[in-house]
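In what follows, a structure is listed as structure tokens, so that the remarks can point back to it.
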Amino acid sequence: MGGGSRALRRGILAAVFVPMLVVAACTSSQPAGPGAQAVGAPVSGGTVTIPIVADPTLNPWSPNAFVESVFVNRVLFDGLTKPGKDLAPAPDLAASWTTSADGLSWTFKLREGVKWSDGQPFTSADVAFTFNDIVLKPELGAQNRGNFSAVKSVTAVDATTVRFDLSRKFSALTSYLAYNSGIVPKHVLSADPLKTTTFNKGIPVSTGPFKVEKYTSGQSVSLVRNENYFGAKPYLDKVVFTVVPDANTQIAQALAGDVSIMILDDKAAVARVKSANNLAVVSRPLVQYYWLALNQTDPRFTDVRVRQAFVQAIDRQAIIKSVELGYGSVANSAITPALKAYFDPSLSTRYPYDPQKAKDLLAAAGWTPGAGGVLMKEGKPFQFTMDVGQKGVLEPVNALIQQDLKKIGVVADLNTMEWNSYIQKVVVRRDYTASVNWWVYPSDPDVSPYYASSAAGKGFNIPGYQDAKLDDLLIQGQGASDLEARKAVYKQLQTYMADTLPYLFLWYPDEVDVLSSSLQGVPELGLRDAMHYIGEWWLAKK
Amino acid sequence: MVVGEEVGRFLAQRIAAGALVVVFVSALTFFFVNLSPGGPSSVMRFDVTAEQRATLIHNMGLDRPVPERYIAWLGGAVRGDLGTSLLTDEPVASRIGDRLPNTIVLAGTALGLSLLIGIPMGVIQALRRNSWLDHALTFASALGLSVPVFWLGIVLILVFAVNLHLLPSAGVVSVGSDSIGDRLAHLVLPCLVLASTILPTIVRYTRSAMIEVLTQEYIRTATAKGLAPRIVLYVHALRNAFIPVTSAVGALVPRLLGGTVVTEAVFGWPGMGRLALEAANGRDYPLVVGIAVVVAAIAVASSLAVDVLYARLDPRVRLA
């Protein structure tokens, strides 16, 4: 399925849904929001159905655990910590933790009496196994191992105590442990930690509130209550993940009442879904931001005035309105509003849309209008190629940016590519000049992996921006142990990022979730984070 | 049994030639897919470091030259081992084996339905050539050929599942159910959509073949001899009209399998078409090659079946 057909399909979706919307608007009453009806106390029972786009891989460390796996794995595999409802790290399998004075040794006290779903006791040996024998083993290439580059080793001190020894200060450790870092059972996976298919694609042994009952490839994965779960007994009887690859079919399923909750990626369908009286629509902030990377190996983009000019030439508010239907806000740093404790809202007005200002900045940088209004410097026009990956909203966003740049005399040619080939060109080979994409990251302001000079070219530092002062701030953040100290460093970091624009920050998207009006108790988090709280979800009786 | 021997030799030759075709397809697919841009999804993701990427490529054996890998693959394939899926670490043969029955059910019923509707429609059009009915059905066929499958699929889901609540929206069976009725209800919409991709072709072939046969002299002779029109039509005309229709059906089988790719994706049907799409998007090289081999084998077998059927229908054709 090429991107041409994807764009076509978006158009067709509108053609199909819009006329039906008109009919529906005449017949349905206002939708009930979640909690709009008096719901009373939670009741037990019922099945929740969640669509995912492909078969999940039930092992958080498998390199094949993609986004569809995240939904299921966050229910099955508890980590030492989990994101709290404020996104700060909260206890999960670890009941408490302490840090040594030098910040290089963290000791976690594990919850007592936890059992695996097969009845075996969960111990510190499982934690040590997960890290020492999977994450820290370079020859396995485990998913997310890059998040734990500061961890030297993990020691089981006694049955319910583990110690993480670090090579450098890493105050974000507990946030990173809350991010797709579920503990897996040593007694099942010691022979082949990442490729045991009876586990990854079958019935894994897990610690979460639900366990796998049946895995039917290409169809569904159904979960039932884990009777050995250490926490409060969940309200739901069952959780069923149905494999539905087509986004339009997922929406149709929601309209037919076959879905309990899902993320609505195509915001063009929001109006149609809102008009259905069995569904509620909510929006949630995410730890995600879109960016335009300008390759720093291109000398035109190393001039900060050029980057500042571009960010003011791009009408980011218009992009949010057009492709996100208003669900989002303008970004000027890597720290998103979802990280409430750290986010600096005062930066939101840092770069208003101002094409004239952009032209002035470019003129100051030596770019002056030539024939046809195209900016010239040293006899060469300001022209370059933007590589576009076919995914989500990237194609329309690039088209809008292209138009905005044209208005200030900059020619951007779009080179649209299939996603997998795009990644190879832009991310693996770094063979690109400019490209738009996004980052989703653990709920912590420590964004070093995406900005550190050491990550330029080979890590996640896509533009290859290198700046000693930025590095220094990132290291200060990793060393700041208490919240107030961290807040202070990350406020400085945000201002510095907004000034220097290592990436051109575009916008912070909000997630739109569609949920059945009978589904209650889902916390106000992005759906992937809300999966950690599925034990609290419940279904109102109709 | 000279004839039997001839047929046996013919079949042996055709099967040998078919095997060669399948090997050729496997080689072509193997080289193309490995040389195409991109790589397995586990490697081509944003959140993988260069170090992890190198490790994973080495672990998957993708740092070895393509010809060397192909020879190793072929060595396994002749012993029935189609390799290991890069996306799931499961054997390719078992992944295909899981999905193939679902595709056979879907494609088989769609083909059956198309023949059941298409042949009578074609015959009626031929008999009432240039009537308003003929024109209306021709128009409907043209419409059927030009409607995109995914659009038709979504519209049918919206009408029958969302608005009328008559049929399930997607999947092969409801979770936790295993009744035949439930399975049949799930089959209706995808079967209709897939049938729509080949039905117009069958109607057109039947119509033109029937028109052609009806102008033949032996039909006039049969009618002149005073045979009942029904006998002329069903015994003489239709049997001969089936000959070109049969060869058309043989050619439609690959198109039908191609149609399953989109149909299965729209309806969440767990078949081989969807598997092919996942395999191609995720650059699961062994799985792509395995599916290509299975599809090639089906196409070769169906063309052989058509030839055999052809010889039975048309006494002028000899299998030799």
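Summary table below
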{"read-out": "Summed side-chain charge close to A:Y229 - residues other than A:Y229 whose Cβ falls under 11 Å, Lys, Arg +1, Asp, Glu -1", "value": "+2"}
{"read-out": "Dipole magnitude of the stretch B:152-223, debye to nearest 20 (Cβ charges: Lys/Arg +1, Asp/Glu -1, about Cα centre)", "value": "180 debye"}
{"read-out": "For chain B, size of Cβ-based charge dipole, Lys and Arg +1, Asp and Glu -1, in debye", "value": "1180 debye"}
{"read-out": "Footprinting exposure proxy for A:M531, B:M272, A:M417 (fewest neighbouring C-beta atoms within 10 Å first)", "value": "A:M417, A:M531, B:M272"}
{"read-out": "Cβ-based charge dipole, chain A, positive-most Cα from A:V67, A:S454, A:Q478", "value": "A:V67"}
{"read-out": "222 nm mean residue ellipticity, helices alone, for chain B (DSSP H n ≥ 4; -39,500 (n - 2.57); rounded to 500)", "value": "-24500 deg cm²/dmol"}
{"read-out": "Phi to ³J(HN,Hα) by Karplus 6.51 cos²θ - 1.76 cosθ + 1.60 over the stretch A:309-320, Hz, x for Gly, Pro", "value": "5, 4, 5, 8, 7, 8, 7, 5, 4, 5, 5, 4"}
{"read-out": "Amide H within-cut-off set for A:A280, under 5 Å, with H built and near neighbours excluded", "value": "A:L515, A:S516, A:S517"}
{"read-out": "Per-residue average of Cβ from other chains inside 10 Å of B:220-232", "value": "0"}
{"read-out": "Leading residue at positive end of dipole, chain A (Cβ point charges), from A:G535, A:A276, A:F343", "value": "A:A276"}
{"read-out": "Least to most buried among B:S169, A:S453, A:S96, A:S220 (fewest other Cβ within 10 Å first)", "value": "A:S96, A:S453, A:S220, B:S169"}
{"read-out": "Helix-only CD estimate at 222 nm, as mean residue ellipticity for chain A, using -39500 (n - 2.57) per DSSP H run (n ≥ 4)", "value": "-8000 deg cm²/dmol"}
{"read-out": "Least to most buried among A:E395, B:E6 (fewest other Cβ within 10 Å first)", "value": "B:E6, A:E395"}
{"read-out": "Per-residue average of Cβ from other chains inside 10 Å of A:423-430", "value": "4"}
{"read-out": "Chain A: C-alpha gyration tensor shape, a/c 1.5 cut-off, then a/b vs b/c", "value": "oblate"}
{"read-out": "Positive-pole candidate from A:Y503, A:V205, A:S190, dipole of chain A, charges at beta carbon", "value": "A:Y503"}
{"read-out": "Acute angle (nearest 10 degrees) that the helix B:132-146 long axis makes with the longest principal axis of chain B, alpha-carbon atoms", "value": "10 degrees"}
{"read-out": "Residues with amide H under 5 Å from that of A:K152, placed H, sequence gap 5 or more", "value": "A:D165, A:L166, A:S167"}
{"read-out": "Residue among B:T138, B:T103, B:T88 with the largest mean-square fluctuation in a Gaussian network model of chain B, springs linking Cα atoms under 10 Å", "value": "B:T88"}
{"read-out": "Part-to-part distance (alpha-carbon centres) for the stretch B:110-128 and the stretch A:55-117, which is given in Å", "value": "61 Å"}
{"read-out": "Point-charge dipole on Cβ atoms (K/R +1, D/E -1) for the protein assembly as shown, about Cα centre, debye to 20", "value": "1780 debye"}
{"read-out": "Gaussian network model of chain B, springs between alpha carbon atoms under 10 Å - residue of B:A276, B:A170, B:A228 with greatest fluctuation", "value": "B:A228"}
{"read-out": "Whichever aspartates and glutamates have a C-alpha closer than 14 Å to that of A:K238, once near sequence neighbours (fewer than 8 apart) are set aside", "value": "A:E213, A:E227, A:E536"}
{"read-out": "Cβ-based net charge around A:Q424, under 12 Å, with every Lys or Arg adding one and every Asp or Glu removing one", "value": "+3"}
{"read-out": "Estimated vicinal HN-Hα couplings, Hz - the stretch B:156-162 in sequence order (Karplus 6.51, -1.76, 1.60; Gly, Pro = x)", "value": "5, 4, 5, 6, 8, 9, 7"}
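Here, each number is a calculation from the coordinates, and none is a lab measurement. The structure displayed is predicted, hence computed values, not measured ones. Please note: Cβ atoms are built from the backbone with ideal geometry, for glycine as well, and neighbour counts cover all protein chains shown.
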